[in-house]
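Data first, discussion second: the structure below is written as structure tokens.
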Amino acid sequence: MGYQASFRVWRGDVTGGQLHDFTVPVNEGEVVLDIIHRLQATQAPDLAVRWNCKAGKCGSCSAEVNGMPRLMCMTRMSTFDQAETITVTPMRTFPVMRDLVTDVSFNYTKAREIQSFAPPADLAPGEYRMRQVDVERSQEFRKCIECFLCQNTCHAIRDHEDNKQSFAGPRFLMRIAELDMHPLDTADRQRAAQEEHGLGLCNITKCCTEVCPEHIKITDNALIPLKERVVDRKYDPLVWLGNKILRR
Amino acid sequence: MTTQIERHEYDVVVVGAGGAGLRAAIEAAEAGKRTAVISKSLFGKAHTVMAEGGIAAAMGNVNSADSWQVHFRDTMRGGKFLNNWRMAELHAQEAPQRVWELETYGALFDRTKDGTISQRNFGGHEYPRLAHVGDRTGLELIRTLQQKIVSLQQEDFAAHGDHEARLRVFAECTITELLLDTSAGATDVPTIAGAFGYRRETGDFLLFAAPAVILATGGIGKSFTVTSNSWEYTGDGHALALRAGASLINMEFIQFHPTGMVWPPSVKGVLVTESVRGDGGVLRNSEGTRFMFDYVPEVFRAQYADTEAEADRWYADQVDNKRPPELLPRDEVARAINAEVKAGRGSPHGGVFLDVSTRLPAAEIMRRLPSMHHQFKELADVDITAEPMEVGPTCHYVMGGVEVDPDTAQSRVPGLFAAGEVAGGMHGSNRLGGNSLSDLLVFGRRAGAGAAAYVDALGDDRPTITEADAEQASAAAVGPFERPDGESPYALHQELQQTMNDLVGIIRRADEIEQALHRLADLRKRAERVGARGGRHYHPGWHLALDLRNMLTVSECVAMAALERTESRGGHTRDDHPGMDTEWRQYLLTCVLRDGEVTITKQQQPPMRPDLLDLFEKAELAKYLTEPELTGHRKPGAGGGGTAAAAGTPEGHN
């Protein structure tokens with residue numbers, strides 16, 4: 001049952017760092033985060049890692065496992081070959097603080113730039129009436145646990161640091177879509193999505209959807225519909241092309 | 001050694017950024033107070049996200065017979081009448097407004113056919129009462145409050161050009177000490193003057209000067225091996241309050257949630273929501289028996305079904321049928337599972353079977369319990385739409401906490417407030433599912449308002465921090481680095497968890513608790529020698545070394561109170577004192593620190609107000625109250641049922 005696994009864990013800080021090799025016991029049913037914790041408890045007491053719930057609900061333990069953006073608590077050791085060396089590195093898109101912990105403040109800055117829910121002025125608390133079928137679309141996006149793996153993966157910022165200013169990233173474009181589809185929200189959000197939050201920079205490669213641990217269909221259900229709503233006002237070549245292809 | 005300290009001044013400092021902390025901060029900020037929120041984790045990651053089932057509030061959307069009086073009765077029954085009745089009353093009255101308010105912040109709850117907020121059944125609640133979003137209600141709550149705070153910050157940005165002008169979140173910061181003003185002022189007692197802590201990222205120190213501090217730090221579950229709680233639950237607020245001179249009550253009462261995962265070992269303790277049972281799931285032992293029918297205690301006999309047929313009819317017709325015993329309060333179900341496993345009728349991995357697969361169509365399970373499906377599929381390779389889950393009790397919630405004034409949430413220490421799990425009294429000896437999220441909102445708001453009013457009353461006469469106190473706090477915090485070869489905090493933590501789990505767990509005995517107290521005394525000495533090596537930059541070993549002190553103090557309170565209370569009630573089961581004792585109900589055990597040592601005193605409960613007593617049948621009260629206490633009941637033979645529910649107009653109901 002138990003075996004000795006080979007781990008390579010990136011250790012360092014803002015000034016630089018490197019991969020460190022560890023040999024560490026693994027027991028049946030464990031996940032990558034268990035192994036990181038075992039390293040902390042037995043070999044590297046100051047190994048920095050973020051985590052909270054250990055059940056895929058809080059979105060704290062995001063990292064890259066063998067290059068794939070993952071939640072460490074939901075990555076089971078049984079998915080790897082026992083002989084395989086498992087490499088754990090911090091999310092690449094955000095600046096490293098220490099070891100596996102990155103500075104994700106970019107996301108909190110972006111969150112503040114999105115106009116908040118604008119409640120209807122004529123309804124008092126307790127008077128809200130909405131149909132289940134109408135709230136379900138936004139509810140899908142509110143499943144988001146803010147692990148920021150989609151933000152980490154999206155090449156519009158992963159490979160283009162200079163886009164960080166003008167691009168909110170999939171998580172926060174999805175937040176705009178969520179509010180835009182909220183049955184009682186009164187704000188007009190479509191112009192800002194395009195002009196202030198960089199919706200046009202998304203070229204629907206669906207990388208965000210692929211890494212979402214909550215299996216939210218970010219691209220299909222949030223970003224593309226938002227682009228379609230925007231296109232009424234502004235010409236977007238990708239949507240135009242998409243429509244051309246799909247209608248054939 | 002002089003260490004640089006980053007200094008801030010606020011009107012109100014909220015320690016903790018879960019549901020209670022964020023709701024308190026919103027209230028304080030809206031009252032015009034400059035407010036700081038200190039969060040051990042990133043903003044939006046608090047343990048509240050783990051709450052699954054829902055928020056209990058008698059809105060009456062699904063069954064219009066519901067009212068605050070019925071909710072109050074259920075809460076008192078669930079807590080075996082040990083609850084602070086005033087808190088239970090305020091909670092039941094105000095919960096609906098707190099839920100409706102969330103909709104104005106942007107929350108999207110599941111709906112009824114009429115378009116109102118849907119409500120689901122839960123253990124101990126007479127009517128469908130829990131507002132919910134599938135089985136991820138806690139996430140909805142935390143995100144909604146987080147987004148409301150962002151919205152307030154946007155307003156401040158528009159007015160002052162600075163998002164953080166009036167309300168600032170200090171993410172990944174830990175408070176290690178509260179600071180007092182002990183100079184005899186208007187009052188003769190020490191008052192809150194601020195708080196000291198560190199930034200987890202850099203290890204730099206933080207000093208907050210503030211006349212009001214609200215503790216909203218949650219619970220203590222990390223002192224146990226098998227727990228549903230995250231690393232943050234190290235009893236910080238409980239210990240900070242004690243060291244500042246406040247009192248804790250009810251520390252012997254710890255809720256073991258009946259259904260935690262039992263396999264694989266690495267997820268042992270992770271929560272399986274009570275909604276599984278609320279929506280039809282049943283518990284079976286290895287012989288296939290629905291064993292809960294054998295565990296209905298006498299006090300609940302009248303409300304729970306005798307046969308499987310009646311229990312099954314209840315889901316469709318709640319008027320003519322009694323409830324399934326799977327929906328007994330959590331303490332009863334946890335003890336029953338424990339007994340079945342001990343009797344050799346457990347599942348292969350030492351739990352029992354929780355089955356929803358034969359009770360609901362797969363599509364319905366996927367709709368109502370999506371995150372449970374996901375959790376079991378990904379972590380245990382179990383498809384809950386096709387096979388039963390294996391579950392067992394897990395340390396989930398501490399009913400005990402800071403003794404507070406029900407209306408203002410202020411502790412014995414002027415300027416120190418507490419709300420949510422860190423506060424005691426509301427839930428008595430056992431909390432009903434769904435009453436936690438509502439507790440956070442109701443008393444979070446009250447703490448925010450209480451702190452704001454306290455600051456207003458102070459005027460310009462603000463307490464001050466002494467440099468000596470700040471230096472002492474700073475020296476204590478760097479302590480572990482002076483012992484680079486000291487003991488490992490991780491090893492010590494494991495021993496502590498094992499001790500509490502084995503000796504002060506779900507079933508307790510005097511000799512075992514005494515043994516635990518000996519071990520805790522030894523661990524406390526060793527904890528003074530734990531060490532950390534290297535820099536202060538994001539150093540989890542150092543963080544744990546500092547948290548250990550709090551866990552040990554709080555564990556001592558739990559063990560001492562558990563030894564003292566020689567009866568079994570709610571979340572405190574004594575094998576050597578199995579019965580519930582009406583005499584004991586009149587007393588709370590209160591912990592304070594005297595010269596650094598935990599001491600316990602027995603404190604009489606205030607008698608329940610007659611109009612609240614009248615909400616119950618006298619016959620039911622007689623099961624819990626002593627004969628002299630019953631004389632307060634003014635309607636012999638009447639009361640209870642629908643008549644009482646119609647007696648008053650619940651605040652804010654429409």
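Read-outs: derived from the displayed coordinates by stated rules, not from any lab. Note that the structure is a prediction, hence the values are computed from the model and not measured. Note that each Cβ is placed from the backbone with ideal geometry, even for glycine, and that neighbours are counted across all protein chains shown.
At a glance:
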read-out: Lys/Arg +1, Asp/Glu -1 at C-beta; chain B dipole; positive extreme among B:369, B:176, B:544; value: B:369
read-out: Whole-number Å³ per residue for the convex hull built on Cα positions in chain B; value: 156 Å³
read-out: Dmax and Rg, reported as Rg then Dmax, of the range B:1-99 (C-alpha, Å); value: 18.3, 66
read-out: Average partner coverage of B:45-53, which counts Cβ from other chains inside 10 Å; value: 4
read-out: Unmatched cysteines, chain A - criterion: no other Cβ of a Cys under 4.7 angstrom; value: A:61, A:73, A:144, A:147, A:154, A:202, A:207, A:212
read-out: Reachable lysines, given that their alpha-carbon falls under 24 Å from the alpha-carbon of residue B:113 and they are not under 8 places away in the same chain; value: A:143
read-out: Cross-link partners of residue B:33 among aspartates and glutamates (Cα-Cα below 13 Å; sequence separation of 8 or more within a chain); value: B:9, B:11, B:156, B:164, B:456
read-out: Relative contact order of chain B, pairs being alpha-carbon contacts under 8 Å that are 6 or more residues apart, as %; value: 20 percent
read-out: In Hz, Karplus ³J(HN,Hα) per residue of the range B:381-387 (6.51, -1.76, 1.60; θ = phi - 60°; x = Gly, Pro); value: 6, 10, 9, 6, 7, 10, 8
read-out: Gyration tensor (alpha-carbon) shape descriptor, the protein assembly as shown, a/c threshold 1.5; value: rounded
read-out: Neighbour net charge for residue A:53 - beta-carbon separation under 13 angstrom, K R +1, D E -1; value: +3
read-out: FRET efficiency for residue A:43 and residue B:525, using Cβ-Cβ distance with R0 set to 25 Å, rounded to 0.05; value: 0.40
read-out: Dipole magnitude (debye, nearest 20) for chain B, charges at Cβ of Lys, Arg, Asp, Glu; value: 420 debye
read-out: Most to least packed among B:125-131, B:358-364 [average Cβ atoms within 10 Å]; value: B:125-131, B:358-364
read-out: Which of B:77, B:200, A:112 has the fewest Cβ neighbours within 10 Å, and the rest in rising order; value: A:112, B:77, B:200
read-out: Projected label distance in nm at residue A:82 and residue A:132, using a 7 Å step from Cα toward the beta-carbon; value: 4.8 nm
read-out: Other protein chain Cβ atoms within 10 Å, averaged over every residue that makes up B:147-157; value: 3
read-out: Taking chain A and dividing mean pair separation by its residue count, relative contact order in percent (alpha carbons under 8 Å, at least six apart); value: 16 percent
read-out: Relative contact order, percent, the range B:256-396 [alpha-carbon distance under 8 Å, six or more residues apart]; value: 36 percent
read-out: Cα shape, the range B:416-484, gyration tensor, a/c 1.5 rule; value: oblate
read-out: Amide H within-cut-off set for residue A:102, under 5 Å, with H built and near neighbours excluded; value: A:97
read-out: Hz values of 3J(HN,Hα) by residue in the range B:430-440 - Karplus curve (6.51, -1.76, 1.60), Gly and Pro given as x; value: 6, 8, 6, x, x, 7, 7, 4, 5, 4, 4
read-out: Charge dipole magnitude, Cβ of K and R +1, D and E -1 - chain A, Cα centre, debye nearest 20; value: 440 debye
read-out: About the Cα centre, charge dipole magnitude for the range A:105-247 (Lys/Arg +1, Asp/Glu -1 at Cβ), debye; value: 260 debye
read-out: Karplus (6.51, -1.76, 1.60) ³J(HN,Hα), θ = phi - 60°, over the range B:67-77, in Hz, Gly and Pro reported as x; value: 7, 5, 5, 5, 4, 4, 4, 4, 5, 5, 4
read-out: Antiparallel content of DSSP bridges confined to the range A:3-102, in %, to 5; value: 85 percent
read-out: Shielding score for B:98-111, defined as the mean number of other chain Cβ atoms within 10 Å; value: 6
read-out: Long-range amide H partners of residue B:14 with built H, under 5 Å; value: B:36, B:37, B:38, B:214
read-out: Least to most buried among A:219, B:225, B:202 (fewest other Cβ within 10 Å first); value: B:202, B:225, A:219
read-out: Sorted by Cβ neighbour density within 10 Å, fewest at the top, the residues B:466, B:227; value: B:466, B:227
read-out: Selected from A:31, A:95, A:85, residue furthest toward positive end of dipole (the range A:3-102; charges at beta carbon); value: A:95
